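Any read-out appearing in this document is the output of simple, stated calculations on the displayed coordinates, not a laboratory observation. Here the structure is a predicted model, which is why all the values come from computation and not from measurement. When we count neighbours, we look across all protein chains shown, and the Cβ atoms used for this are built from the backbone with ideal geometry, even at glycine.
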Amino acid sequence: MSKPRDPVAGPNAPEPPFPIRLSGPVIKGFGRGSKDLGIPTANIPADDLSEKHPELTTGVYYGVVALDPKTYHHETSEGSASTAVVLPAVLSIGYNPFYKNTVRSVEIHIMPALTEPSPTAAGQEGHTKFNRLPDFYKTRLNLLILGYIRPEFDYVSLEALVEDIRVDCEVARESLLREAYKCYLVDSGKTSGKVSEDRAWLVSFD
Ligand SMILES: Cc1cc2nc3c(=O)[nH]c(=O)nc-3n(C[C@H](O)[C@H](O)[C@H](O)COP(=O)(O)O)c2cc1C
Ligand SMILES: Nc1ncnc2c1ncn2[C@@H]1O[C@H](COP(=O)(O)OP(=O)(O)O)[C@@H](O)[C@H]1O
Ligand SMILES: [Mg+2]
């Protein structure tokens with residue numbers, strides 16, 4: 001048996017180099033996320049990553065994302081939102097050692113709002129059903145990376161990879177529920193200068 005993983009990752013408030021801003025149009029990947037794993041990941045270009053963010057090592061991270069509302073209409077209980085909605089996310093940056101990719105990719109799995117029940121909580125019956133939205137290829141995506149979870153690994157089976165990503169979703173959720181992270185998701189009106197600046201950048205798509 002491998003040892004259980006920590007339920008949260010990183011310090012109680014983001015520390016440098018976080019938050020890190022990434023942005024790009026959602027592009028096609030290898031089509032494995034949904035088909036093989038049942039975990040859709042929005043891929044954004046990784047070409048200028050080493051030049052712009054040499055500090056970003058390969059690995060799994062958590063953060064918050066927004067999609068351009070001009071092309072992605074997010075349905076809320078009040079109807080279709082005209083401003084960008086900020087959602088929690090977990091992402092992988094690297095070569096996917098399980099698939100032995102030769103180019104680096106940035107792949108983001110968008111999770112439901114933290115106020116909704118988690119589809120990836122432990123002890124659910126049957127197969128884990130990861131969050132699925134209507135497709136949004138070509139839509140611009142802004143991402144604030146807030147913390148690091150773990151390195152990328154190779155796995156003995158597809159099931160083992162899926163189970164670790166399920167735990168990543170839970171770790172990301174618990175990590176983002178802390179006050180100094182939650183403020184990036186929920187604008188309480190009390191947020192300080194730098195957090196408000198980062199939030200304003202996150203939802204701007206001019
Ligand atoms: C949170 C998260 C963690 C991941 N961790 C790993 C990993 O440790 N090893 C690995 O080979 N792939 C990892 N992946 C990448 C998946 O293998 C990848 O999403 C899948 O190959 C889909 O690729 P595609 O978008 O090109 O279809 C991770 C993905 C996510 C979203
Ligand atoms: N929760 C989600 N997180 C990320 N992408 C999602 C989600 N739900 C649906 N998608 C859609 O699924 C696509 C990714 O699916 P995936 O199987 O990984 O294909 P690809 O290999 O082309 O990246 C995204 O580009 C997006 O349009
Ligand atoms: Mg993908």
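Residue-wise test of (1) part of a strand (DSSP E or B); (2) under 16 Å from the mean Cα position of the chain (by Cα); (3) under 18 Å from residue 167 (Cβ atoms).
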site	(1), (2), (3)
72	no, no, no
92	yes, yes, yes
115	no, no, no
132	no, yes, no
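The number of residues in region 95-113 that are assigned to a strand (DSSP E or B) and more than 24 Å from residue 55 (Cα to Cα) comes to 0.
Which residue, of 7, 45, 40, is surrounded by 15 or more Cβ atoms within 10 Å (Cβ to Cβ), closer than 27 Å to residue 199 by Cβ, in contact (Cβ under 8 Å) with a residue 60 or more places away in the chain and not hydroxyl-bearing (Ser, Thr, Tyr)? Exactly one residue qualifies, and that residue is 40.
Restricting region 90-106 to residues that are touching a strand residue (DSSP E or B) at 6+ places or on another chain (Cβ under 9 Å) and among the β-branched types (Val, Ile, Thr), which is nearest to residue 131 (Cα to Cα)? Among those residues, the one meeting the criterion is 90.
Here residue 50 meets the list (1) surrounded by 18 or more Cβ atoms within 10 Å (Cβ to Cβ); (2) not in a loop (DSSP other than H, G, I, E, B) almost entirely, failing just condition (1).
Say we look at region 129-142 and pick out the residues that are under 20 Å from residue 170 (Cβ atoms) and either more than 16 Å from ligand 3 (Cβ to nearest atom) or not basic (Lys, Arg) (or both); which of these is surrounded by the fewest Cβ atoms within 10 Å (Cβ to Cβ)? Only one residue fits best here, namely 129.
Looking at residue 83, is it over 20 Å from residue 28 (Cβ atoms), in contact (Cβ under 8 Å) with a residue 12 or more places away in the chain, within 16 Å of ligand 1 (Cβ to nearest atom) and not in a strand (DSSP E or B)? No; evaluated as a whole, the condition is false for this residue. Just one of the listed residues (155, 181) is surrounded by 13 or more Cβ atoms within 10 Å (Cβ to Cβ) and within 18 Å of residue 203 (Cβ to Cβ), and it is 181. In region 121-128, the count of residues that are of a type in the set (A, V, I, L, M, F, W, C) and either surrounded by fewer than 16 Cβ atoms within 10 Å (Cβ to Cβ) or more than 13 Å from ligand 2 (Cβ to nearest atom) (or both) is one or more.
Residue 50 meets each of the listed conditions (1) of a type outside the set (Phe, Trp, Tyr); (2) away from ligand 2 (no atom under 15 Å from the Cβ); (3) more than 22 Å from residue 185 (Cβ to Cβ); (4) in contact with a Phe, Trp or Tyr (Cβ under 7 Å, 6 or more places away or on another chain) apart from (4). Considering 2, 34, the condition of being of a type in the set (S, T, N, Q) and either more than 16 Å from ligand 3 (Cβ to nearest atom) or in a loop (DSSP other than H, G, I, E, B) (or both) is satisfied by 2 alone.
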